[in-house]
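Report on the structure given below.
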Amino acid sequence: MAVLLALALGSLVTGAAGCGSGSGSGSSDKTLVMWTFKQSHVKALEEAGKGFTKQTGITVKVQAYTPDDAYLTKVQAAAKTGDLPDVLEVHTNGDDLTFGGAGLVSDLSKDVDSGWLNSYLQQVRVDGTVTDQYYQSSLKPDSTLKGIKLGQRFSVPLTIGTFGIVYANKQRLTAAGVTTAPTTWEDFIADLAKVKAKEPNDSGVSLGLKAPSTGLEWLMQPMAYGMLGADRFHALWGRDNTTNFSSPTGTQVLDTYGKVTPYWMPGTQTLDIDAADLAFAQGKSTFDIGGTFTLAFLAQNGFDPANVVTFPVPAPAGGAINDLSLAPFTLTGMSVSSTTKNRSGAIQWLKYLAKPDVSATFAKEALDIPPTNLGSDPDSAVGPVLGAMIKSFGSGPSAYNPGDTTYKPDGYNSGDVGAVLMNFTPLKTKTSAQTGAGLTKLIDSYWAKK
Amino acid sequence: MSAATTVQRPPRERRATRGRTRYHRSEVAWGAAFVAPAIVLFAVMGVYTIGYGVSLSFATWNGFTPNWTWVGLHNYADLLWASPTYAPVVHQAALNTLWVMIAVPILTVLVSFPLALLLNSVGRMRTVLRSVYFLPYVTAGIAVYFAWQYILEPDGAINLLLRSLGLGSLQQPQGFLGNPSTALPTLIVVTVWSSVPVSMLLYLAGLQSVDSTLIEAAQIDGAGWWRITRNVLWPLLKPITGIIVLLNLRDSLQGFQTFLIMTNGGPGNHTNVLGLEAYRLAFLSQLSPTLGLSSALGWLLFIAAVILAVITQRAMRRAT
């Protein structure tokens with residue numbers, strides 16, 4: 001009987017093993033597998049991979065899994081079954097630290113030396129490392145970063161950029177008599193009105209509000225930062241009812257933001273980010289709010305980059321910051337999985353992509369901004385549109401940095417906060433004061449969890 | 001010699017004792033060997049996953065960190081009343097779910113029963129018509145829900161139709177899914193659209209099994225179409241109605257595919273339902289450790305489904 005049972009169980013176990021524990025990512029000494037969540041990066045990485053193969057003999061296979069949520073689930077499942085690839089593209093200072101704390105990706109702090117780091121722009125060199133702020137955050141009960149240690153590095157930058165870039169259809173602006181990009185929020189609203197008067201049907205602003213955080217983070221926040229300056233802006237997320245969203249200042253910010261309400265593209269609240277960008281590419285809207293990464297998607301979908309005017313979300317006239325700019329931060333990075341069989345090859349690949357010429361070629365192909373220093377004339381390396389975006393980057397207190405979340409409570413969920421904001425605009429189901437109170441109530445609940 | 005002494009004992013290895021049959025060891029071994037794969041599979045796929053899910057509902061975890069943090073019943077309390085972050089969202093989702101649970105079964109019965117009557121009375125083309133009406137069920141899926149999205153857009157087919165019929169005032173400038181007051185009713189209609197085919201087939205099967213002599217007797221007694229339908233067919237088909245209501249209640253309580261694809265709970269959480277909220281807590285929470293909350297919500301839904309099933313079963317017993 002025991003023999004029979006053993007046979008039955010053995011066959012099951014063998015079968016299960018055959019299904020589950022495979023050989024990981026299919027990598028070897030001569031092949032690396034890299035996963036990305038950006039379709040627009042696949043071709044550019046493959047092109048870079050050809051040069052890498054010539055230099056090292058190692059082939060790089062790039063596989064995309066989209067959208068971001070599906071990518072995370074894929075990584076989660078692969079980690080359970082031991083099928084992680086050699087290299088993963090990650091959201092820097094987010095996924096990379098979570099994966100690192102969980103032991104999915106390896107610590108690169110001993111591999112990334114100063115020579116390698118110097119190839120990156122000064123302001124993004126630290127991105128991907130565990131700073132004291134992240135370490136302290138990891139110690140809190142609801143932290144997503146549990147397990148990280150001070151000084152570890154779990155990724156190196158691949159692309160940089162920022163949110164809060166307005167894309168406008170140049171032909172339609174010209175037709176409406178708008179010849180220069182607006183420099184104040186009021187000018188922006190006036191331009192929206194001019195275009196609407198000229199072209200009532202397809203003049204609106206598209207934004208993927210099906211993901212409600214976009215309205216909050218890509219449009220309202222940059223405007224509010226320029227209006228209030230850093231300290232008063234940060235206070236909106238605080239617990240002091242005289243300075244947060246429920247205060248008169250908060251109401252004033254929301255009222256200013258609400259001036260965009262008549263100009264939303266009809267139905268933009270039902271579109272996801274890609275669909276909103278697609279609406280702009282197809283001419284259903286004249287303005288599109290996105291980030292530096294949006295250009296690649298527009299070009300992929302047939303929109304001529306020469307017909308686009310880009311400018312950062314402007315600050316209101318008379319606001320705290322007259323010359324509002326946007327600070328770049330690392331959007332995506334690359335991590336090496338802890339289960340790779342070819343760690344040295346993976347490290348070589350990361351280092352190869354950090355070379356300024358390779359990085360520029362990748363950026364030009366992917367229509368994304370590289371983390372490397374392209375000198376004083378980025379146009380020649382990455383083209384005029386990306387070059388203009390790079391030139392518009394700023395630093396210091398007059399630059400809004402969307403990557404800075406130090407003033408927000410742990411466990412803060414921008415999607416839920418954005419959903420409250422949506423009730424004010426575009427949905428118009430709540431007043432600015434009610435919305436301010438709702439925002440404060442939700443943000444307070446995050447603070448209370450601490 | 002007594003009769004008892006003449007009766008031979010059954011074979012030693014397979015004799016019945018007090019209603020139980022005893023088997024030889026080798027037979028037991030073979031039986032066990034054949035049953036073992038099923039038991040192991042059930043242990044892995046059933047018991048293990050259920051146990052895993054239950055235990056996860058008492059912990060916080062984001063799916064990546066090495067360890068769970070045990071929190072006891074806090075997840076359940078947070079969802080139901082304690083957390084100012086999660087409880088209001090769950091309450092709103094519960095209210096939306098309740099509307100769906102009321103509207104979908106009622107509308108499904110109201111549409112599918114007359115449709116089945118109509119189809120049952122059609123002499124020609126019955127098979128073709130049955131296939132046509134069954135199409136929504138066999139085609140339902142992601143592609144169809146995307147198609148619905150296009151139809152419901154501001155410049156979609158429904159607004160166009162309303163405009164061309166001179167009913168412009170009924171148009172939705174933001175689209176039927178973009179207006180918070182029409183988004184949930186619209187999703188209910190789409191859900192009903194996808195649930196009518198099976199319900200209609202169930203009714204049709206019931207109608208075709210009704211003894212024709214009952215109808216004839218009613219006709220002889222002078223009953224018209226309406227009277228036969230109301231007093232003969234409807235009572236006879238009550239058990240089927242009960243099944244349809246139960247199936248739709250369960251789908252409305254736990255299903256969220258339509259909501260995820262078409263609105264993702266929006267605009268601004270106005271179409272969030274409990275099943276979708278559980279999914280969002282599990283997979284769309286920006287790596288927050290909310291898998292335990294998701295699991296707890298799943299078990300709360302399970303308990304609600306069991307209670308519903310018991311209530312419906314009792315109601316059906318009384319009705320029949």
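Quick rundown of the values:
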read-out	value
Condition broken by A:Gly436, with the remaining ones in (1) over 23 Å from the mean Cα position of the chain (by Cα); (2) open to solvent by 20 Å² or more (accessible area, probe 1.4 Å); (3) more than 14 Å from every other protein chain (Cβ to nearest Cβ); (4) over 21 Å from A:Asp127 (Cα atoms) satisfied	(2)
Long-range neighbours under 6 Å by Cβ, at least six apart or interchain, first residue among the hydroxyl-bearing types (Ser, Thr, Tyr) within the stretch A:315-329, second surrounded by fewer than 24 Cβ atoms within 10 Å (Cβ to Cβ) and part of a loop (DSSP other than H, G, I, E, B)	A:Ser325/A:Gly394
Candidate set: the stretch A:61-94, residues that are of a type in the set (D, E, K, R) and at pLDDT 90 or above; chosen: the one nearest to the chain's Cα centre (by Cα)	A:Glu89
Count - residues of the stretch A:396-418 that are facing chain B (nearest Cβ under 10 Å) and at pLDDT 95 or above	1
Which listed residue is closer than 29 Å to A:Gly411 by Cα, open to solvent by 40 Å² or more (accessible area, probe 1.4 Å), assigned by TED's automatic domain parsing to the domain that holds A:Lys38 and among the small types (Gly, Ala, Ser), from A:Ala70, A:Ala102, A:Ala64, A:Ala78	A:Ala70
Leading residue by the ranking (nearest to A:Asp69 (Cα to Cα)) among those in the stretch B:228-254 that are of a type in the set (D, E, K, R) and in contact (Cβ under 8 Å) with a residue 40 or more places away in the chain	B:Asp251
Residue in the stretch A:196-204 that is away from chain B (no Cβ under 14 Å), open to solvent by less than 10 Å² (accessible area, probe 1.4 Å) and over 26 Å from B:Leu260 (Cβ atoms) present	no
Filtered residue count, the stretch A:158-181, keeping only those that are in contact (Cβ under 8 Å) with a residue 60 or more places away in the chain and surrounded by fewer than 20 Cβ atoms within 10 Å (Cβ to Cβ)	3
Failed criterion for B:Ile311 (all others in (1) open to solvent by less than 50 Å² (accessible area, probe 1.4 Å); (2) within 16 Å of the chain's Cα centre (by Cα) hold)	(1)
Qualifying positions in the stretch A:254-284 - away from chain B (no Cβ under 14 Å) and within 20 Å of B:Pro173 (Cβ to Cβ)	A:Gly258, A:Lys259, A:Val260, A:Phe280
Count of residues meeting criterion [in contact with a Ser or Thr (Cβ under 9 Å, 6 or more places away or on another chain), closer than 28 Å to B:Ser112 by Cβ and open to solvent by 50 Å² or more (accessible area, probe 1.4 Å)] in the stretch B:159-175	0
The listed residue being in contact (Cβ under 8 Å) with a residue 12 or more places away in the chain and either at positive phi or open to solvent by 10 Å² or more (accessible area, probe 1.4 Å) (or both), out of B:Gln219, B:Gln257	B:Gln257
Those residues of the stretch A:316-350 which are surrounded by 20 or more Cβ atoms within 10 Å (Cβ to Cβ) and closer than 19 Å to A:Val75 by Cα, in sequence order	A:Leu331, A:Thr332, A:Gly333, A:Met334, A:Ser335, A:Val336, A:Ser337, A:Thr339, A:Thr340, A:Asn342, A:Ala346
Neighbours by Cβ (under 6 Å, 6+ apart or cross-chain): first from the stretch A:244-262, assigned by TED's automatic domain parsing to the domain that holds A:Asn201; second of a type in the set (A, V, I, L, M, F, W, C) and surrounded by fewer than 17 Cβ atoms within 10 Å (Cβ to Cβ)	A:Thr251/A:Ala433
Failed item, numbered, when A:Ala327 is tested on (1) touching a Gly at 6+ places or on another chain (Cβ under 8 Å); (2) over 30 Å from A:Tyr352 (Cα atoms)	(2)
Search result, residues across the stretch A:222-232 that are surrounded by fewer than 23 Cβ atoms within 10 Å (Cβ to Cβ) and either in contact with a strand residue (DSSP E or B) (Cβ under 6 Å, 6 or more places away or on another chain) or in contact (Cβ under 8 Å) with a residue 40 or more places away in the chain (or both)	A:Gly229, A:Ala230, A:Arg232
Those residues of the stretch B:58-78 which are out of contact with any Ser or Thr (no Cβ under 9 Å at 6 or more places or on another chain) and within 10 Å of another protein chain (Cβ to nearest Cβ), in sequence order	B:Pro66, B:Asn67
Filtered residue count, the stretch B:18-58, keeping only those that are surrounded by 12 or more Cβ atoms within 10 Å (Cβ to Cβ), part of a loop (DSSP other than H, G, I, E, B) and of a type outside the set (Lys, Arg)	4
Filter result for A:Phe287 (more than 16 Å from A:Glu217 (Cβ to Cβ), at pLDDT below 95 and away from chain B (no Cβ under 14 Å))	no
Residue within the stretch B:109-116 that is part of a helix (DSSP H, G or I) and of a type in the set (Gly, Ala, Ser) present	yes
The stretch B:222-234, residues that are open to solvent by less than 60 Å² (accessible area, probe 1.4 Å) and either in contact with a Lys or Arg (Cβ under 7 Å, 6 or more places away or on another chain) or part of a helix (DSSP H, G or I) (or both)	B:Ile228, B:Thr229, B:Val232, B:Leu233
Residue check for A:Thr429: β-branched (Val, Ile, Thr), crowded, with 19+ Cβ neighbours inside 10 Å and within 14 Å of chain B (Cβ to nearest Cβ)	no
Output for the stretch A:49-70, where each listed residue is closer than 30 Å to A:Ala275 by Cα and away from chain B (no Cβ under 11 Å)	A:Lys61, A:Val62, A:Gln63, A:Ala64, A:Tyr65, A:Thr66
Candidate set from the stretch A:375-389 (those that are under 25 Å from A:Ser40 (Cα atoms) and open to solvent by 40 Å² or more (accessible area, probe 1.4 Å)); member that is modelled with the lowest pLDDT	A:Gly375
Residues of the stretch A:72-116 that turn out to be within 10 Å of chain B (Cβ to nearest Cβ), of a type in the set (Gly, Ala, Ser) and either over 18 Å from A:Gly147 (Cβ atoms) or in contact with a strand residue (DSSP E or B) (Cβ under 8 Å, 6 or more places away or on another chain) (or both), as a count	2
Enumeration of residues in the stretch A:128-153 that are acidic (Asp, Glu) and open to solvent by less than 20 Å² (accessible area, probe 1.4 Å)	none
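Yes/no matrix, rows are residues, columns are (1) open to solvent by less than 30 Å² (accessible area, probe 1.4 Å); (2) of a type in the set (A, V, I, L, M); (3) modelled with pLDDT under 90:
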position: B:Pro136; (1), (2), (3): yes, no, yes
position: B:Gly141; (1), (2), (3): yes, no, yes
position: B:Leu177; (1), (2), (3): yes, yes, no
position: B:Val192; (1), (2), (3): yes, yes, no
position: B:Val198; (1), (2), (3): no, yes, no
position: B:Tyr203; (1), (2), (3): yes, no, no
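The values are calculated or read from the model by the stated rules, or taken from the named source; none is laboratory data. This is a predicted model, so every value here is computed, not measured. Ideal geometry is used to build each Cβ from the backbone, glycine not excepted, and the neighbour counts take in all protein chains shown. Note: areas computed on protein heavy atoms with side chains; ligands, DNA, RNA excluded. Shrake-Rupley method; radii C 1.70, N 1.55, O 1.52, S 1.80 Å.
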